[in-house]
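Q: Below you will find the structure I want to go over with you.
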Amino acid sequence: MTQQPFELPHFYMPYPARLNPHVDEARAHSTEWARDMGMLEGSGIWEQADLDAHDYGLLCAYTHPDCDGPALSLITDWYVWVFFFDDHFLEIFKRTQDRAGGKAYLDRLPLFMPMDLSTPMPEPQNPVEAGLADLWTRTVPSMSADWRRRFAVATEHLLNESLWELSNINEGRIANPVEYIEMRRKVGGAPWSAGLVEYATAEVPPSVAGSRPLRVLMETFSDGVHLRNDLFSYQREVEDEGELSNGVLVLETFFGCTTQEAADTVNDVLTSRLHQFEHTALTEVPALALEQGLAPDEVTAVAKYTQGLQDWQSGGHEWHMRSSRYMNARARASKPWQVPTGPGTSAADVGALLASAGAERLRAYTHVPYQKVGPSRLPDFSMPFQLALSPHLEGARHRLTDWVNAMGILQEGVWDEDKLAAYDLPLCSAGIDPDATAEALDLSSQWLAWGTYGDDYYPLVFGHRRDLAAARLTTERLSACMPVDGEEAAVPVNAMERGLTDLWARTTAGMTPDQRRTLKAAIDVMTESWVWELSNQLQNRIPDPVDYLEMRRATFGADLTMSLCRMGHGAAVPPQVYRSGPVRSLENAAVDYACLLNDVFSYQKEIEYEGEIHNAILVVQNFFGIDYPTALGVVHDLMTQRMQQFEHVAAHELPLVYEDFGLSEEAREAMGNYVLDLQNWMAGILNWHREVDRYKADYLARRAHGFLPDRPPAVPVG
């Protein structure tokens, strides 16, 4: 027998797996269906014995325990199709490293998912196309147009991101951990599985389908499913298939540790994501239902969907324990609250497991704020791009002081002129956009000042007052300061509202309603993320590492920055290019570098003087139970790899995007300038952090002690 590369860890799984009574019906139906679609004998991919051994009927019966027989059969057909696609793409394109053929193959598949079923489909040319055409026709009539759109997008991501995996195999490249989590959600298909959970349980109301709580439920569900699969499939994928897209391999490479240590760490991340799922389901989802005024049937639908995701987790785990597709020898009993029996097991194993899970969950809430940590330690940052500064910098400094005074920012007790000078935000703008006109540099500096002021204001005012309701009302009113299509704007009553009203009017004067809508959404994401930080602050809860990094992009204002940057390049670049995986990967790598850079510089300011919990170094310390220098090393390594990923995408993946979309020379030049803008953005932000007093130990000792403004915020009530 082949030796296992590691021992499977104890899994956190507190919910019992339940088996749908229609399992045999689904097995029989899916076998005949697969044969009718040409997936079995003669396909060159599967024989009957392969399908029987994989037992997708059992998978779906465990993951959808409550639906009726016909629904279970249809869902099982979908899973037969998606696993056949995975093996088919592997054999035909991954093993042969045929990217061009793989792209042509994938480009046809959306033709078999029309939003309107009266739209004719082409004639299927292979079992994957035949299966998709049949399944789409049988599934979508019972679902809304909103669900069709979301499910089609998830399916296209599942299919198209296989090219990313293929490109990595061609290059022999192993992803960094952040990149891997993001791409695995698309390649792994769990968002697609969440769509089928809706089909089996209840459709999520469109009014909340795109909200943070529902998104986090889906993403934590996805991460749990994928990381569990990585543990069980490491031997088959990495050792047999030469696959590089596996979480255990990613962490093994990133940390330079043993396979067993990497597997244990993957399981720790898996457990953390399940804890995040539970936290979101029990705190954020109920609050969302109240805020949105969901009707009783809509609340019931969300509850059924949440239960369905939970059933999928426990059922998927049980299937992995049984399927011949995976490494599951010597796997430890997964049934909750049940003492395992047999050699080497005891009640102590269960006790240790529960104690460990409880300790991990509790640790996030036990941070002691305001601990002395000393000056922030600054490593040797990787910065391959040259700094350039705008010649209009000095004038922008004086004009920014005039603007913040006019808006009333210095009269609310949070900032004064000494702080404004110490923060020197025009220096940041001058490095971000060295070619800006004086007017453009002023506008950029003012946006930075407004965003930085809001980021300081929320925790200081609302956090110390523990006033989440006022923070939510403030956030709603800020959104109302940004009219999109001629509607009446809110009358500003405080400095943040006056500043945003002024900036919005000047920035959007020449924009179309769609461009305004995009920019408004980016600002809403940032201000709503400040409320998320405040909620964690009130709970004294250090966030989950994955959730932290993804929300950090929002608190940093990344979407706002990117929206303004893209608009500066006109309409030469089609919107679908900006939505493509490589461009989003490029942007996220740049933003993560800047966010982590800020966390490194602001560690003393936030931990020692502000009692803050939203800092990547603290998140890493808490998650791994390590000290400051060790956690700094992890964060610095991740920064370095994000920079390397930025360079890799720009050099190797963007040219493929240009070819795939057939971009004109004008569009290619615009994209080249966009990459240059992002390079300037990172170099300018690093220079600003190095030069300003805001993060320096002597300035912090003089000015950063916590204080409260002498009056409550000016927020209308009612």
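Q: Mind checking which of Val461, Asn588, Gln537 is farthest towards the positive end of the range 457-589's charge dipole, using Cβ charges of +1 (Lys, Arg) and -1 (Asp, Glu) about the Cα centre?
A: Toward the positive end, the furthest listed residue is Asn588.
Q: Further question on the same structure: Please give the charge dipole size of the range 41-80, origin at the Cα centre, charges +1 on K and R Cβ atoms and -1 on D and E Cβ atoms. Round to the nearest 20 debye.
A: 120
Q: What are the lysines whose alpha-carbon lies under 26 Å from the alpha-carbon of Lys696, with same-chain residues fewer than 8 places away excluded?
A: Counting by Cα, and skipping residues close in sequence, Lys696 has these lysines nearby: Lys372, Lys419, Lys605.
Q: Next question. Cross-link partners among aspartates and glutamates for Lys186, C-alpha distance below 12 Å, same-chain residues fewer than 8 apart left out?
A: Cross-link targets: Glu156, Glu161, Glu165, Glu219, Asp223.
Q: Glu488 to Glu647: extension gain in nm, 0.36 nm per residue of separation minus the Cα-Cα distance?
A: 52.8 nm
Q: Based on the alpha carbons, how large is the Rg to Rh ratio for the range 652-700 when Rh follows Kirkwood? Present the calculation step by step, with values, prior to reporting the outcome.
A: Values: Rg = 17.7 Å, Rh = 13.3 Å.
Computed over Cα atoms, the ratio is 1.33.
Q: Can you tell me the alpha carbon radius of gyration of the range 232-319 divided by the globular rule-of-thumb value 2.2 N^0.38 Å?
A: 1.50
Q: How many percent of the accessible area of the chain is carbon or sulfur, using a 1.4 Å probe?
A: It is 54 percent, rounded to a whole number.
Q: Now a separate question. Among rounded, prolate and oblate, which fits the range 29-112 when a ≥ b ≥ c are the square roots of the eigenvalues of its C-alpha gyration tensor, a/c under 1.5 means rounded, and a/b larger than b/c means prolate?
A: Prolate.
Q: Same structure, new question: Using a Förster distance of 25 angstrom, determine the FRET efficiency expected from the C-beta separation of Gln371 and Arg466, and round it to 0.05. Please list the in-between numbers first.
A: Details: r = 21 Å, r/R0 = 0.85.
Given R0 = 25 Å and the Cβ-Cβ separation, E is 0.75.
Q: Using the heavy atoms of the protein chains and a 1.4 angstrom probe, tell me the accessible area per residue for the range 448-602 in square angstrom.
A: The answer is 34 Å² per residue.
Q: Under Stokes-Einstein, with the Kirkwood radius over Cα pairs standing in for Rh, what whole-number D in µm²/s applies to the chain at 10 °C and 1.306 mPa s?
A: It diffuses with D of about 58 µm²/s by this estimate.
Q: Name the shape class, rounded, prolate or oblate, that the alpha-carbon gyration tensor gives for the range 2-65, where a ≥ b ≥ c are the square roots of its eigenvalues, rounded holds for a/c under 1.5, and otherwise prolate holds if a/b is larger than b/c and oblate otherwise. Write down the numbers at each step before the final one.
A: Numbers: a/c = 3.86, a/b = 1.34, b/c = 2.88.
Judged from the Cα gyration tensor, the range 2-65 comes out oblate (a/c at least 1.5, b/c at or above a/b).
Q: Please label the shape of the range 117-272 as rounded, prolate or oblate, based on the square roots a ≥ b ≥ c of the eigenvalues of the alpha-carbon gyration tensor (a/c under 1.5 means rounded; beyond that, a/b larger than b/c means prolate, else oblate).
A: On the way: a/c = 2.63, a/b = 1.54, b/c = 1.70.
Oblate, since a/c reaches 1.5 and b/c is not below a/b.
Q: How big is the charge dipole of the chain about its Cα centre, in debye rounded to the nearest 20, if each Lys and Arg gets +1 on its Cβ and each Asp and Glu gets -1 on its Cβ?
A: Its charge dipole is roughly 1340 debye.
Q: Further question on the same structure: Please name whichever of Thr201, Ile181, Met121 sits farthest to the positive end of the charge dipole of the range 108-246, dipole taken about the Cα centre and charges placed at Cβ: Lys and Arg +1, Asp and Glu -1.
A: Of the listed residues, the answer is Thr201.
Q: With label points built 7 Å along Cα→Cβ from the Cα atoms of Glu659 and Ser118, find their separation and express it in nm.
A: Placing both labels 7 Å beyond Cα along the Cβ direction yields 4.1 nm.
Q: Place a +1 charge on the Cβ of each Lys and Arg in the range 523-633 and a -1 charge on the Cβ of each Asp and Glu, then give the dipole magnitude about the Cα centre in debye, rounded to the nearest 20.
A: Result for the range 523-633 is approximately 440 debye, rounded to the nearest 20.
Q: Towards the positive end of the charge dipole of the range 185-327, with charges on Cβ (+1 Lys, Arg; -1 Asp, Glu), say which of Gly224, Asn267, Ala190 has the farthest Cα.
A: The listed residue farthest towards the positive side: Ala190.
Q: Equivalent ellipsoid semi-axes for the range 461-531, as square roots of 5 times the alpha carbon gyration tensor eigenvalues: give them largest first, rounded to whole Å.
A: They are 24, 13, 9 Å, listed from largest to smallest.
Q: Among 651-659, 541-549, what's the highest-first ranking by average C-beta atoms within 10 angstrom per residue?
A: 541-549, 651-659
Q: Just the number: Rg to Rh for the range 198-266, Cα atoms, Kirkwood Rh, two decimals.
A: Rg/Rh: 1.16.
Q: Continuing with this model, one more query. Enumerate the residues in the range 181-219 having an amide nitrogen under 17 Å from the point lying 7 Å beyond the Cα of Asp297 toward its Cβ.
A: 199, 201-208
Q: Next up: Under 19 Å from a label point 7 Å along Cα→Cβ of Arg690: give me every residue in the range 422-442 with its amide N that close.
A: It comes to 423-435, nothing else.
Q: In addition: With the convex hull built on the Cα atoms of the range 1-151, state its orientation-averaged projected area in nm².
A: 12.2
Q: Hey, another quick one. Could you give P(r) for the range 453-602, binned at 5 Å from zero, as whole percent values over all Cα-Cα pairs?
A: 2, 8, 16, 20, 18, 16, 12, 6, 1, 0
Q: Tell me the volume per residue, in Å³, of the convex hull enclosing the alpha carbons of the range 358-418.
A: 244
Q: Follow-up. Counting residues in the range 600-675 as N, plug N into 2.2 N^0.38 Å and put the Cα Rg over that result.
A: Against the empirical 2.2 N^0.38 Å value, I get 1.66 for the range 600-675.
Q: Using only the Cα atoms of the range 491-538, construct the convex hull and provide its projected area averaged over every direction, in square nanometres to one decimal.
A: Convex hull of Cα atoms, orientation-averaged projection: 4.0 nm².
Q: Would you mind checking the radius of gyration and Dmax of the range 373-487 based on alpha-carbon positions, in Å?
A: Final numbers for Rg and Dmax: 17.0, 52 Å.
Q: Per-residue counts of other Cβ atoms within 10 Å, averaged by peptide: what ranking do you get for 580-588, 623-631, 396-404, highest first? Show your work: numbers first, answer last.
A: Details: 580-588: 20.7, 623-631: 14.9, 396-404: 17.6.
By packing density, highest mean first, the sequence is 580-588, 396-404, 623-631.
Q: Could you list the square roots of 5 times each eigenvalue of the Cα gyration tensor of the range 91-154, that is, the equivalent ellipsoid semi-axes, sorted largest first and rounded to whole Å?
A: In descending order the semi-axes read 25, 13, 10 Å.
Q: Separation between the Arg236 and Leu111 pseudo-spin-labels, each 7 Å from Cα along Cα→Cβ, expressed in nm?
A: Between Arg236 and Leu111, the simple spin-label model gives 3.2 nm.
The values are calculated or read from the model by the stated rules, or taken from the named source; none is laboratory data. As the structure is a computational prediction, the values presented were derived from the model and not from experiment. Because the Cβ atoms are built from the backbone with ideal geometry, glycine has one as well, and the counts that use them run over all protein chains shown. The accessibility values were calculated without ligands, DNA or RNA, using every heavy atom of the protein model including side chains. Shrake-Rupley method; radii C 1.70, N 1.55, O 1.52, S 1.80 Å.
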